[in-house]
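Encoded as structure tokens, the structure appears first; notes follow it.
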Amino acid sequence: MNRTSILITAGALLVAAAAFPAQSADRRYPITYVQKIEVTEPSRRNAAWENKDFLNCDDVVMTEEDVRYALRHMRRVSWKGYDPEKVDATGCEGEALVTFKNGRVLAMGIEPTGRIGTAEFDARMKVVAGSTSFYECSPCRERKMALLKDALNRADERRLKRLVAEGQLSASEAELRLKWVRAERDKP
């Protein structure tokens, strides 16, 4: 091979390598074919799970931009990787319907932890057989965990204020505990 063909081949490989991460999400659901995104439940709470002293799901809501971001970055995992009994969950899942130009509709449930469950429907809203899939989205988790951490901090503040109002803690002790809890939460 001469020098020119080597440079052309190397350039083509670099272009392909640069394009690969942009195409690495599930190819069945390309972001360029999205016609409409409807957030049906910004933050669906599990009543048995939610304890507003620990976390208020109204503080952790999903937006249309979160859905687009998830479509770009989600990676398929097996049921074992998704199983809620074996993996952390917050109970504050957002739900959305994504309509594609071909008429297919993707129902998505997205946890702030980056776990995503999907089901696909045809244009008549009949479930496509075998379409249930499970995904992990690490960039989504990093993005939403900052919001989740802020929500947890507000919940700690509410709980400690209530304890001060009930006379179970002094204001200075509550402030010290709040600083300690936030410092622990900020540790890597």
query = Can you name the residue in the range 34-52 that is in a loop (DSSP other than H, G, I, E, B) and open to solvent by 50 Å² or more (accessible area, probe 1.4 Å) and is also modelled with the lowest pLDDT among such residues?
reply = Ala48
inquiry  = Quick check on my filter: what residues within the range 129-148 are touching a Lys or Arg at 6+ places or on another chain (Cβ under 9 Å) and loosely packed, with under 15 Cβ neighbours inside 10 Å?
reply    = Ser138, Pro139
inquiry  = Just to verify a result, which residue in the range 74-95, among those that are buried (at least 22 other Cβ atoms within 10 Å of the Cβ) and modelled with pLDDT of 85 or more, is farthest from Arg141 (Cα to Cα)?
reply    = Gly94
task = Looking for whichever is among the β-branched types (Val, Ile, Thr), modelled with pLDDT of 90 or more and in contact with a helix residue (DSSP H, G or I) (Cβ under 6 Å, 6 or more places away or on another chain) here; the options are Val105, Val181, Val164. Which one fits?
result = Val164
inquiry  = One residue is enough: does the range 154-162 have a residue meeting the conditions surrounded by 17 or more Cβ atoms within 10 Å (Cβ to Cβ), under 25 Å from the mean Cα position of the chain (by Cα) and under 18 Å from Cys92 (Cβ atoms)?
reply    = yes
task = May I ask you to say which residue of Glu136, Glu111, Glu120, Glu95 is over 27 Å from Asp150 (Cβ atoms), of a type in the set (Asp, Glu) and within 19 Å of the chain's Cα centre (by Cα)?
result = Glu120
task = List the number of the failed condition for Glu142; all other conditions in (1) at pLDDT below 85; (2) out of contact with any Gly (no Cβ under 9 Å at 6 or more places or on another chain); (3) acidic (Asp, Glu) hold.
result = (2)
task = Scan the range 129-168 residue by residue and report those that are of a type in the set (A, V, I, L, M), more than 26 Å from Asp66 (Cβ to Cβ) and part of a helix (DSSP H, G or I).
result = Leu160, Leu163, Val164, Ala165
task = Among the residues of the range 96-128, write down those that are open to solvent by 30 Å² or more (accessible area, probe 1.4 Å) and either touching a Gly at 6+ places or on another chain (Cβ under 8 Å) or outside any strand (DSSP E or B) (or both).
result = Lys101, Asn102, Arg104, Asp122, Ala123, Arg124, Met125, Lys126, Val128
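The values are calculated or read from the model by the stated rules, or taken from the named source; none is laboratory data. If you're wondering where the values come from, they're calculated on a predicted model, not measured in any experiment. Note: ideal-geometry Cβ built from the backbone for every residue, glycine included; neighbour counts use all protein chains shown. Quick note on the areas: whole protein, heavy atoms, side chains included, nothing else; ligands and nucleic acids left out. Shrake-Rupley method; radii C 1.70, N 1.55, O 1.52, S 1.80 Å.
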